[in-house]
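Right, one structure below, let's go through it.
The values are calculated or read from the model by the stated rules, or taken from the named source; none is laboratory data. Here the structure is a predicted model, which means the values were calculated and not measured. Neighbour counts run over all protein chains shown; Cβ positions are idealised from the backbone, glycine included.
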Amino acid sequence: MRPLLIGHRGASGHRPEHTLAAYALAARMGADAIEPDLVATCDGVLVARHEPEIGGTTDVASRPAFASRRTVKELGGEPVEGWFCEDFTLTELKTLRCRERLPELRGTALDGVDPVATLDEILALRASLSVELGREIVVYPETKHPARSRALGLPLEEPLVAALRAHGLDGPGAPVFVQSFERDSLERVGAALPVRRTRLVAAANPGGVRLRTPYASSEAQTPGLEEIFGHAEAVGPAKELLLPRDAEGRSLPPTRFVEEAHGAGLLVHPWTFRAENAFLPAELRRGDEPAAYGDLAAELRAVLALGVDGLFCDHPDVAAAVLNA
């Protein structure tokens, strides 16, 4: 079976991420799945943003009416200054427009065009794209900082489950993967719906989850692959856990991560593959400009050769060409 091509936050290499336009473009470029990161408004509506802090991905900083809501909160164990989704109603949030999260690498010509998308809008779009393209588009939502959100009285799992049910995506064969860095979030979803779940694993991120394997830092207090199998059907590792690099950024021999995960009964969906030089190993970069495109196709062929079951990509057009070659 062809590996699952997941449009990471939509076709986020081409449009501002987590917009309906980015998701639609990803599917039309050949992505099998669209991936919304979910956070909650103060009135409990799930919307797609990379983080609860929205200063970097919307034009909220330019809105005088919301200047007083700039604040400092803890996020991922660190103080973060900005504007936070949980301080806005959906009506207020809908007045904002999305911006490119990586303006130093990607163009901003499409900034200020698209409003923030709700989960309900995304699920409706998924259904219409499936009809338009004649194939079932998978939705692959991530619960972002779910424990933090629950502590604020804005749980993510219950409204996610309700939305999936409302759109008929609640059966064991539904075109759905739910992903999270947090086990509790996946267990809550799994207790309510028989959908597939993915445990995300960061390579070296104090705010994320790291595996207790030879490929992660030794001090991490994290689960092994067998434990993940108890609450998820797939593991979503940072690509460096499969394709490590040396201190100069050049590729090292691949690890046995995929083989070991498959041995534990898990699918493997690594993240994130991007075309810009800034994200590629040194030998695949083209020129010195971080924003210039390097040889993403070569990196994709290398990870596909390991037998992965899917991958997250900002440039689904490139990935689709490699998969269809």
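Restricting attention to the range 200-219 and to residues that are crowded, with 17+ Cβ neighbours inside 10 Å and among the aliphatic types (A, V, I, L, M), the residue that is modelled with the highest pLDDT turns out to be Leu200.
Restricting attention to the range 77-86, the residues being in a helix (DSSP H, G or I) and modelled with pLDDT under 95 number 0. Just a yes or no: is a residue in the range 283-301 at pLDDT 95 or above and out of contact with any helix residue (DSSP H, G or I) (no Cβ under 9 Å at 6 or more places or on another chain)? Taking every residue of the range 283-301 in turn, none turns out to be at pLDDT 95 or above and out of contact with any helix residue (DSSP H, G or I) (no Cβ under 9 Å at 6 or more places or on another chain). When Gly171 is tested against (1) more than 30 Å from Phe279 (Cα to Cα); (2) of a type outside the set (Ser, Thr, Tyr); (3) modelled with pLDDT of 95 or more; (4) assigned to a loop (DSSP other than H, G, I, E, B), just one condition goes unmet, and that condition is (3).
Tally up the residues in the range 283-322 that are assigned to a helix (DSSP H, G or I), touching a strand residue (DSSP E or B) at 6+ places or on another chain (Cβ under 7 Å) and closer than 17 Å to Leu242 by Cβ, please.
First pass over the range 283-322, keeping only residues assigned to a helix (DSSP H, G or I): 283-284, 296-304, 316-322.
From what is left, the residues that are touching a strand residue (DSSP E or B) at 6+ places or on another chain (Cβ under 7 Å) are 283, 296, 299-300, 303, 316, 319-320.
Add one more test, that the residue is closer than 17 Å to Leu242 by Cβ, and what stays is 283, 296, 299-300, 303, 319.
Result for the range 283-322: 6.
Counting only residues that are hydrophobic (A, V, I, L, M, F, W, C), in contact with a Leu (Cβ under 6 Å, 6 or more places away or on another chain) and free of Cβ contacts under 8 Å to residues at least 40 places away in the same chain, the range 272-308 holds 1 of them. The residue of the range 229-282 that is surrounded by the most Cβ atoms within 10 Å (Cβ to Cβ), among those that are of a type in the set (Val, Ile, Thr) and in a strand (DSSP E or B), is Val235. Within the range 87-99, residues that are in a helix (DSSP H, G or I) reach partners that are of a type in the set (Lys, Arg) with beta carbons closer than 6 Å, at six or more positions or on different chains, in the pairs Asp87/Arg69.
Inspection of the range 78-91 finds a residue satisfying the criterion of being buried (at least 17 other Cβ atoms within 10 Å of the Cβ) and small (Gly, Ala, Ser). When the range 92-115 is limited to residues that are out of contact with any His (no Cβ under 7 Å at 6 or more places or on another chain), of a type outside the set (A, V, I, L, M, F, W, C) and crowded, with 17+ Cβ neighbours inside 10 Å, the one that is farthest from Gly10 (Cα to Cα) turns out to be Glu92.
Got at least one residue in the range 58-76 being of a type outside the set (Gly, Ala, Ser), at pLDDT 95 or above, part of a loop (DSSP other than H, G, I, E, B) and buried (at least 18 other Cβ atoms within 10 Å of the Cβ)?
The initial filter retains those residues of the range 58-76 that are of a type outside the set (Gly, Ala, Ser), namely 58-60, 63-64, 66, 69-75.
Checking which are at pLDDT 95 or above leaves us with 58-60, 63-64, 66, 69-73.
Add one more test, that the residue is part of a loop (DSSP other than H, G, I, E, B), and what stays is 59, 63, 70.
From the residues that got through so far, the ones that are buried (at least 18 other Cβ atoms within 10 Å of the Cβ) too are none.
Taking every residue of the range 58-76 in turn, none turns out to be of a type outside the set (Gly, Ala, Ser), at pLDDT 95 or above, part of a loop (DSSP other than H, G, I, E, B) and buried (at least 18 other Cβ atoms within 10 Å of the Cβ).
The C-beta contact set for the range 10-22 (first residue hydrophobic (A, V, I, L, M, F, W, C), second residue surrounded by 24 or more Cβ atoms within 10 Å (Cβ to Cβ) and modelled with pLDDT under 95, distance under 9 angstrom, 6+ apart or interchain) is empty. Annotation note: Cβ proximity below 7 Å between a residue of the range 250-271 that is within 27 Å of Gly7 (Cβ to Cβ) and a residue that is surrounded by fewer than 18 Cβ atoms within 10 Å (Cβ to Cβ) and among the aliphatic types (A, V, I, L, M) (sequence gap 6+ or interchain) occurs for Pro254/Leu306; Val258/Leu306. I'd like to know if the range 159-173 contains one or more residues that are crowded, with 17+ Cβ neighbours inside 10 Å, touching a strand residue (DSSP E or B) at 6+ places or on another chain (Cβ under 6 Å) and touching a residue at least 60 places away in the same chain (Cβ under 8 Å). Yes: the range 159-173 contains one or more residues that are crowded, with 17+ Cβ neighbours inside 10 Å, touching a strand residue (DSSP E or B) at 6+ places or on another chain (Cβ under 6 Å) and touching a residue at least 60 places away in the same chain (Cβ under 8 Å).
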